[in-house]
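One structure is given below, encoded as C-alpha cells.
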Ligand code: FAQ
C-alpha cells in the first residue's frame, strides 16, 4: 500500500513510501533504535535533519565572529588563550556538524551556498554586536548555557551521526559556559565600573538568549513532527523554562539583575515566570534585519572568496595525482 498523500504533504513529491515502511521506521524510533546513514528513512525525516543540522553547523561557524572580534583585545594572555581555544572549538563543532549533515546526502558546497544566499538560517543570537569585554563573559555564560540546555537532549537524537557529534560538542560547550561565568564573576566582584559593564552585557544579551530556543510552542512549525521522530526531545518553551530556572539564580549569585521586571519565582509552579517577549523583533532578526546580519554574511562571503584559490589548488593537485597514479598502473 502506498502513502503518496502523506509523502506529498511532507514535501517530497517523488517519494513512494509505503505505509509499512513508515510504520516500521516509526517502530524503530519508538524502540529508541538509532537511525544510521545507510538505513532507510522517510524523505521528510532526511529533509528535517538536513535543515536542522546544517543550520546548527552554520550557527557554530557564524558564531565564531562575535567572539573572534575580541581575541586581539582580551585583557590578559590567559583570557586570550582560552578565548582563542573556544572560538577554535566552535569552528570544530561546525565541521563535525557539516560532516554529520553530509551523511544525509548534501554536500558542503550546497550548504555553504544556502548560507550565503540566505536560503538557510543560522541562530538569531549571532546577529548582535560584542561591544565590551563583558559581552564575551555574557556569551559564554548565557549563549553557551542556552546551547547546552538545547543540545544535551540532542545527544539522544534518533539520528546516530548527529547524536554522536553532540556528545563531544556538549562537553566542550560546558567548558565554554564555565569560562564565560568565570569572566562574569571576576567583573561582578571587581570595581564598580566592571560590575556596571557586566550588568550592561546581561541587559543586552538576556532577551536574545531567552529567544534562542525558537518561537513559542504555539508558533513552532516543526516541533510536533520532530518530537515524534525523537529528533527533538523537548519543546522550545520547555527548554526555555529550564534555561530561565537555571540561570536566574546564577545572576543572583553574581549580584546582577535580569532585565525583566516580571521575572519572579512562582511558588505554585515551582518555576520562574518571565515577562512577554517581543517575537516581532525575533522574526526581524531571523529574516536578516538584526544589527549585525549584513556584516556576518559579508564576513563569510569574504572568507569563501579568499579561500577559493586554495580549493582550486587542492582540486588541481588531486586531479594531477590521480592522473599520475592512473598512468603508473
Ligand atoms: N534563530 O519550528 P521551529 C550555539 C527558525 S549553536 C534563527 O521551532 P525547529 C553554540 C527555525 O529554523 C546555536 N531561526 O524550528 C555556540 C524554523 O525555520 P525554518 C544553534 C530560528 O527546528 C555558542 C522556524 O524558526 N543551535 O549557540 C531560531 O523545530 C557560542 C520555526 O521554528 C542549534 O541550531 C533561532 N534562534 O526548532 C556557538 C541547535 N529558532 O528552518 C558560538 C539545533 C527557530 O523552517 C558561540 N537546532 N528558528 O526555515 C534546534 O534545536 C532547533 O532547530 C531549534 C528550532 C530549537 C533552534
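Every number in this text was worked out from the coordinates using simple rules, so none of it is lab data. Bear in mind that the values here come from a model prediction, so they are computed numbers and not experimental data. Counting neighbours? That spans all protein chains shown, and the Cβs are built from the backbone with ideal geometry, glycine included.
How far apart, in nm, are two points set 7 Å out from the Cα along the Cα-to-Cβ line at residue 316 and at residue 301?
2.6
Let me check the size of the stretch 23-67 from its C-alpha atoms; what are the radius of gyration and Dmax in Å?
Expressed in Å, the Cα Rg and Dmax of the stretch 23-67 come to 14.6, 46.
Across 5 Å bins from 0, what is the distribution of all Cα-Cα pair distances for the stretch 185-238, in whole percents?
Bins of 5 Å from zero give 4, 19, 17, 13, 9, 9, 9, 9, 8, 3, 0 percent of pairs.
Hey, for a label at residue 186 modelled as a point 7 Å past Cα toward Cβ, could you say which residues of the stretch 58-90 have their backbone N under 18 Å away?
The answer is 67-88.
Would you calculate the volume per residue, in Å³, of the smallest convex hull containing every Cα atom of the stretch 278-329?
Hull volume over Cα atoms, normalised by residue count, gives 75 Å³.
Want the number for residue 278 to residue 95: 0.36 nm per residue separation, take away the alpha-carbon distance, what's left?
62.6 nm
Pairs of alpha-carbon atoms within less than 8 angstrom and 6+ residues apart define the contacts here; what relative contact order does the chain have, in percent?
Over the chain, the number comes to 16 percent.
To test your reading of the geometry: what angle, between 0 and 90 degrees and rounded to tens, separates the Cα axis of helix 160-188 from the longest principal axis of the chain?
Once rounded, one gets 10 degrees.
Going by average Cβ density within 10 Å per residue, which order do the peptides 113-121, 31-39, 53-61 take, highest to lowest?
Per-residue Cβ counts within 10 Å, averaged per peptide and sorted highest first, yield 53-61, 113-121, 31-39.
Taking one equal scatterer on every alpha-carbon of the stretch 18-157, how large is log10 of I(q)/I(0) by Debye at q = 0.11, 0.15, 0.16, 0.22 1/Å?
Each listed q corresponds, in turn, to -0.51, -0.83, -0.91, -1.35.
Would you kindly calculate the mean projected area, averaged across all directions, of the convex hull enclosing the Cα atoms of the stretch 99-239, in square nanometres?
9.5
Give me the Debye-computed log₁₀ of I(q)/I(0) at q = 0.12 Å⁻¹ for the stretch 225-329, equal point scatterers on Cα only, no solvent, two decimals.
-0.76
So what's Rg/Rh here for the stretch 137-205, counting alpha carbon atoms and using the Kirkwood radius for Rh?
1.16
Mind computing the radius of gyration and Dmax over the alpha-carbon atoms of the stretch 92-140? Å is fine for both.
Gyration radius and largest Cα-Cα distance of the stretch 92-140: 14.3, 41 Å.
Summarise the long-distance tail of P(r) for the stretch 49-105 by giving the % of C-alpha pairs beyond 12 Å.
Across the stretch 49-105, Cα pairs with separations above 12 Å total 64 percent.
With each run of n ≥ 4 DSSP H residues scored as -39500 (n - 2.57), what mean residue ellipticity at 222 nm is computed for the chain after dividing by its residue count and rounding to the nearest 500 deg cm²/dmol?
It comes out at -20500 deg cm²/dmol, rounded to the nearest 500.
Tell me, what is the Rg over Rh of the chain, with Rh the Kirkwood radius over Cα pairs?
My calculation of the ratio gives 1.01.
Would you mind getting me the FRET efficiency between residue 265 and residue 84? Use the beta-carbon distance for r and R0 = 45 Å, nearest 0.05.
It comes to 0.70.
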